[in-house]
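Each remark here refers to the structure printed beneath this line.
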Amino acid sequence: MEKVDILLVNAFILTMDSSKSQVPSGAVAVRGQKILEVGPESELRARYESSSTIDCQGKILMPGLVNAHTHVPMTLLRGLADDLRLDVWLMGYMMPVEREFVSPQFVRLGTSLACAELIRSGVTTFADMYYFEDDVASATAEAGMRGVCGESVMKFPTPDAKFYEESLEYSREFIKKWKGHPLIVPSIAPHAPYTCTSEILRASAELAMEFDIPLQIHISETQLEVENMRRDQGMPVVPWVKKQGLLEAKVLAAHCVWIDDGEMRTLLHAHSGVAHNPSSNLKLASGAAPVKRMLDNGLNVGIGTDGPASNNDLDMFEEVRLAAFLAKTTSNDPTALPAQQALEMSTSMGARALHIGDITGSIESGKRADLILVDLSRLHSSPHFQRDPNATYAQLVYSAKSSDVSDVMVDGKWLMQDKVLLTINESEILREAQDYARKIDTFLIQREESVLSKLIAVGGLTEEESFEVQAKIAITEPEQVIKALESSRVEILRRRHYHEYDTYFIFEDESQGFLRYREDHFIDDRGQITNVRSRLTLIGEAVEFRFPHDVLLSRSRYLAPATQSLRFYREYFQPVKEVEIEKDRQRFLVNYKGEEFFINIDKMINPSLGSFLEIKSRTWSRQDAEQKSKLSIELIKTLHEGPLEMVSKDYFEASK
Ligand SMILES: [Zn+2]
């Protein structure tokens, strides 16, 4: 008799090997990290003996599930912000909170929490992309799980890098450290084509090839991403990343919701794997990935939960079922993606998509012992039929629940037995996670109280508080004023002409001021639009001081380039009201008696309120403001004849 470390007997084995063999009264012999043999119990009992012989009580013994795409530390952000559009959710909530809170400690805790949840639901392997990935890998290895761990790289500052070069440097060290580890496969994860530059994609692919490790990336998650790529680069996403050399690496492409057949073939020829994330795609309304066509094209498609902040759980049983349902309903064909194939996607094919199909994903001699026991004797799975050989797959996919998983083994070691976690202290983790939730809540509650702090959170403030002297007067002949300016002795330093489209966001609490989204269309001498610029300005309500003739000293202003769409800001700031203003503006920067002034000559188009002459100048002291107030009046008198009747309120006040 040959000695083995563990002998599992009395199991119904679904091997998920290439011939999908099933062993009804089966046994598995485990030695060290690996499966030594799989077969009928009578044969294995005759050949092997073990001091650890486990009676599986007729449960299903199958390969552990492979979660092909996730961001495990985001368990700590689960339920933080929901029912939002992807960009508002990501740029407005996830990224600002991540910048504030994500640290090695955060990442370790989030990973441990995720591992506990993953083990409980029968997952033995997952592919992750996040920050401080060294800590993700450490916590994963401590929990005893198998992980393809990818350090995220993007063009924006991240919680662990101000510049992408730092992420690449970090990745190199991270890969060197973990390469060859029994549980961890290091990886690199350029976040997505729209959050990376072509240099980042190239450098990431080169690093992946240098160390022969997988590269993870989000591809064609939303229709908007594809539209933008077509507009900017004249091609869909997959050909573009191929052009950047990305597909030379062993790619795992998450989502691929909006790829066409040509792109599928490109991915197939590059031996890229795909991670399908049904819950995330459904919840964020990203669309339904063409899974049936990808499978028909021969692609290895795994199934993933995506991050727990966009799902909101890591339950792969739910995910597999959804994948099957979604494929059926979108192809209008109930025979599409049958249960066996869905289960294959979440085991052996999933492992191949992660480029680790040689070590895990099936119950076969020589593979690592990554396996689970599932109890199909509970109410919701009963009774059982023998006629259809696929009945067990159907039961697992359509009626079993993650809570039916009783035992989990990874790399020959038990991580859960009889529903007791052996490597993770659940209650301690839950307590620490709640501590984080309290801190994040406080941070967000404070931020939501102020439009300014919300503006700061989405980044890019270029100018802080300032004061201006303003004088404004209604005019009837704008051309006359321009002529007067041109023929005066006022020195014109710069002249611009634009068409301005303003949207003012008005808030319930008027002391917040109002937020202006402005699109400037620059117009050249021939009346053509040469450039478009979008900016956000937070304008304070208060008038600080009134000089004679109603010249105002007013308005604190915070200026930021508007890098997102108007729709994004509307959904993010949620104003109670909006006011739109459109005007034609001739803007002059002049030097008058040694001081700089802006002279705006505006024709109001919407609402049509006539024309205005406006003099403005930045100021920093009361004395300077008084001087500029006097000069403003002089300037108006130089350019315009008639009574000095100032318009002290802003135009939009009239339409408010
Ligand atoms: Zn993702």
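The values are calculated or read from the model by the stated rules, or taken from the named source; none is laboratory data. What you are looking at is a predicted structure, and each value in this text was computed from that prediction instead of being measured. Neighbour counts run over all protein chains shown; Cβ positions are idealised from the backbone, glycine included. Ligands, DNA and RNA are excluded from the accessible area calculation, which covers all protein heavy atoms including side chains. Shrake-Rupley method; radii C 1.70, N 1.55, O 1.52, S 1.80 Å.
Once the range 240-283 is narrowed to residues that are open to solvent by 20 Å² or more (accessible area, probe 1.4 Å) and within 19 Å of the chain's Cα centre (by Cα), the residue that is nearest to the ligand (Cβ to nearest atom) is 283.
If you go through the range 124-139 and keep only what is within 16 Å of the ligand (Cβ to nearest atom) and of a type in the set (A, V, I, L, M, F, W, C), you end up with 126, 127, 129, 136.
For the range 1-25, a tally of residues being farther than 20 Å from residue 418 by Cβ, open to solvent by less than 70 Å² (accessible area, probe 1.4 Å) and either without any contact (Cβ under 8 Å) to a residue 12 or more places away in the chain or not hydrophobic (A, V, I, L, M, F, W, C) (or both) returns 5.
Taking each residue of the range 574-596 that is assigned to a strand (DSSP E or B) and looking for partners that are open to solvent by 50 Å² or more (accessible area, probe 1.4 Å) and β-branched (Val, Ile, Thr) with beta-carbon atoms closer than 7 Å, six or more apart or interchain, yields 582/605; 583/605; 584/605; 588/492; 590/492.
Take the range 610-648 and flag every residue that is farther than 18 Å from residue 543 by Cβ, out of contact with any Asp or Glu (no Cβ under 9 Å at 6 or more places or on another chain) and surrounded by fewer than 18 Cβ atoms within 10 Å (Cβ to Cβ). Once the filter is applied, which keeps residues that are farther than 18 Å from residue 543 by Cβ, out of contact with any Asp or Glu (no Cβ under 9 Å at 6 or more places or on another chain) and surrounded by fewer than 18 Cβ atoms within 10 Å (Cβ to Cβ), the range 610-648 yields 610, 623, 630, 634, 637, 638, 641, 642, 643. Among the residues of the range 541-569, those identified as open to solvent by less than 40 Å² (accessible area, probe 1.4 Å), assigned to a loop (DSSP other than H, G, I, E, B) and touching a residue at least 60 places away in the same chain (Cβ under 8 Å) are 555, 556. Restricting 345, 316 to those that are open to solvent by less than 10 Å² (accessible area, probe 1.4 Å), at pLDDT 95 or above, within 16 Å of the ligand (Cβ to nearest atom) and closer than 30 Å to residue 40 by Cβ reduces the list to 316. With the requirement that a residue be open to solvent by 10 Å² or more (accessible area, probe 1.4 Å), more than 17 Å from residue 518 (Cα to Cα) and of a type outside the set (Gly, Ala, Ser), what does the range 575-609 give you? Answer for the range 575-609, where residues must be open to solvent by 10 Å² or more (accessible area, probe 1.4 Å), more than 17 Å from residue 518 (Cα to Cα) and of a type outside the set (Gly, Ala, Ser): 576, 589, 591, 592, 593, 595, 596, 598, 609.
Annotation note: of 103, 187, 198, the sole residue that is within 25 Å of residue 274 (Cα to Cα), surrounded by fewer than 24 Cβ atoms within 10 Å (Cβ to Cβ) and touching a residue at least 40 places away in the same chain (Cβ under 8 Å) is 198. State whether one or more residues within the range 49-71 are under 17 Å from the mean Cα position of the chain (by Cα), within 28 Å of residue 427 (Cβ to Cβ) and surrounded by 16 or more Cβ atoms within 10 Å (Cβ to Cβ). Yes: one or more hits. Within the range 303-313, at least one residue is among the charged types (D, E, K, R), crowded, with 21+ Cβ neighbours inside 10 Å and within 13 Å of the ligand (Cβ to nearest atom).
There is at least one residue in the range 392-407 that is assigned to a strand (DSSP E or B) and either more than 19 Å from residue 124 (Cβ to Cβ) or of a type in the set (A, V, I, L, M, F, W, C) (or both). Within the range 138-184, being of a type outside the set (Ser, Thr, Tyr), farther than 23 Å from residue 421 by Cβ, out of contact with any helix residue (DSSP H, G or I) (no Cβ under 6 Å at 6 or more places or on another chain) and buried (at least 22 other Cβ atoms within 10 Å of the Cβ) holds for one residue alone: 150. If you filter the range 320-336 down to residues that are free of Cβ contacts under 8 Å to residues at least 60 places away in the same chain and in a helix (DSSP H, G or I), you find that the one that is surrounded by the fewest Cβ atoms within 10 Å (Cβ to Cβ) is 329. If you go through the range 204-225 and keep only what is out of contact with any Pro (no Cβ under 6 Å at 6 or more places or on another chain), open to solvent by less than 60 Å² (accessible area, probe 1.4 Å) and free of Cβ contacts under 8 Å to residues at least 40 places away in the same chain, you end up with 207, 211, 218, 225. Among the helices (runs of 4 or more DSSP H) confined to the range 85-160, the ones with at least 1 residues that are hydroxyl-bearing (Ser, Thr, Tyr) and on the phi < 0 side of the Ramachandran plot are located at 104-120, 133-143.
Consider the range 177-199 and keep the residues that are closer than 21 Å to residue 259 by Cβ and assigned to a helix (DSSP H, G or I). The one that is farthest from the ligand (Cβ to nearest atom) is 198. Entry remark, the range 548-564: residues being under 29 Å from residue 82 (Cβ atoms) and either out of contact with any helix residue (DSSP H, G or I) (no Cβ under 8 Å at 6 or more places or on another chain) or of a type in the set (Val, Ile, Thr) (or both) number 2 in total.
The requirement of being closer than 28 Å to residue 79 by Cα and either buried (at least 18 other Cβ atoms within 10 Å of the Cβ) or modelled with pLDDT under 95 (or both) is not satisfied by residue 410.
Looking only at helices (runs of 4 or more DSSP H) that fall completely inside the range 415-502, which ones have 2 or more residues that are under 30 Å from residue 403 (Cα atoms)? Answer list for the range 415-502: 426-448. Can you say whether residue 300 is touching a Lys or Arg at 6+ places or on another chain (Cβ under 7 Å), modelled with pLDDT of 95 or more and crowded, with 22+ Cβ neighbours inside 10 Å, as far as the supplied structure shows? The answer is yes for residue 300. If you check 522, 505 for being free of Cβ contacts under 8 Å to residues at least 60 places away in the same chain, in a strand (DSSP E or B), open to solvent by less than 30 Å² (accessible area, probe 1.4 Å) and of a type in the set (Phe, Trp, Tyr), only one passes: 522.
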